[in-house]
Amino acid sequence: MNIILFGPPGAGKGTQAKFLIKVLNNFQVSTGDMLRDEIKKDTEIGKKIISFMNEGKFVDDEIVNSLMKKVVFDTSKKGKLIFDGYPRTIEQAKNLDLLLTESKQQIDFVFFLNVNKETIVKRIEKRRIEEKRSDDDLDTILKRYDTYLKTTSPVLNYYSSKQNFYELNGNQEIDQINEQIKDFLKL
Ligand code: AMP
């Protein structure tokens, strides 16, 4: 089962992805984690993207799409993908459709975790303390939220009219969201 988790930064996509990989035995596909890993390993890509990430700006579609191609065509992960933080632009959404068609796969569920700004700021502040992510200071958080509104929220229209689209109240407690997702998946 391939699933997209969609929502603003701090919506709980990563948390729900971790829950889903456990219950479904799937793989988390977090572009944020993949990009942070490139920085940590100081690769060519890492050197190119570090300033964008730290300023809360998007990394080029071209770079993200090329990382995604490897994952979608990885046969050991076929039909077991939990997308967390991708797609974030219309171009990425179109690219994902293309990659899935080429690899004879589909998206089974799109879960939109809808949260308000207050919850996001609270959650990211907590994460900043717990995970010490360098791109989690308040300024960067607010920039990331603005970018989401401008660039990512239009991607909602791309998915919201589809039959497999489900909106959840992301302001709820994690457990409550887990349960709702389980109901939709009939687990
Ligand atoms: P995340 O861990 O998903 O919150 O992502 C952290 C940062 O990584 C974002 O603020 C962007 O700078 C970058 N990033 C993650 N996913 C994408 C994506 N799909 N497209 C462009 N940039 C991304």
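The values are calculated or read from the model by the stated rules, or taken from the named source; none is laboratory data. Just so we're clear, the structure is a prediction, and the values are computed from it rather than from any experiment. Please note: Cβ atoms are built from the backbone with ideal geometry, for glycine as well, and neighbour counts cover all protein chains shown. The accessibility values were calculated without ligands, DNA or RNA, using every heavy atom of the protein model including side chains. Shrake-Rupley method; radii C 1.70, N 1.55, O 1.52, S 1.80 Å.
Annotations
- Solvent-accessible surface of the chain, averaged per residue with a 1.4 angstrom probe and all protein chains in place: 54 square angstrom.
- Remark on residue 29: its backbone amide H falls under 5 Å from those of 82, 83, 84, a criterion applied only to residues 5 or more positions apart or on other chains, H modelled at 1.01 Å from N.
- In a reduced charge model with +1 at each Lys and Arg Cβ and -1 at each Asp and Glu Cβ, the chain shows a dipole moment near 300 debye about its Cα centre.
- Convex hull of Cα atoms in region 37-187, direction-averaged projection (nm²): 10.0 nm²
- Apolar share of the accessible surface for the chain: 51 percent from carbon plus sulfur atoms, 1.4 Å probe.
- Antiparallel beta bridges, as assigned by DSSP with both residues in region 1-134, represent about 0 percent of the total such bridges.
- Förster radius 30 Å - calculated FRET efficiency between residue 70 and residue 129, Cβ distance, rounded to 0.05: 0.35
- Over the C-alpha atoms of region 1-93, the Rg to Rh ratio, Rh being the Kirkwood estimate, stands at 0.96.
- A simple packing score, the average count of other Cβ atoms within 10 Å per residue, orders the peptides 56-69, 85-98 as 85-98, 56-69, with the highest score first.
- Solution diffusion estimate, µm²/s, Stokes-Einstein, region 112-187, Kirkwood Rh from C-alpha pairs, 37 °C, viscosity 0.692 mPa s: 232 µm²/s
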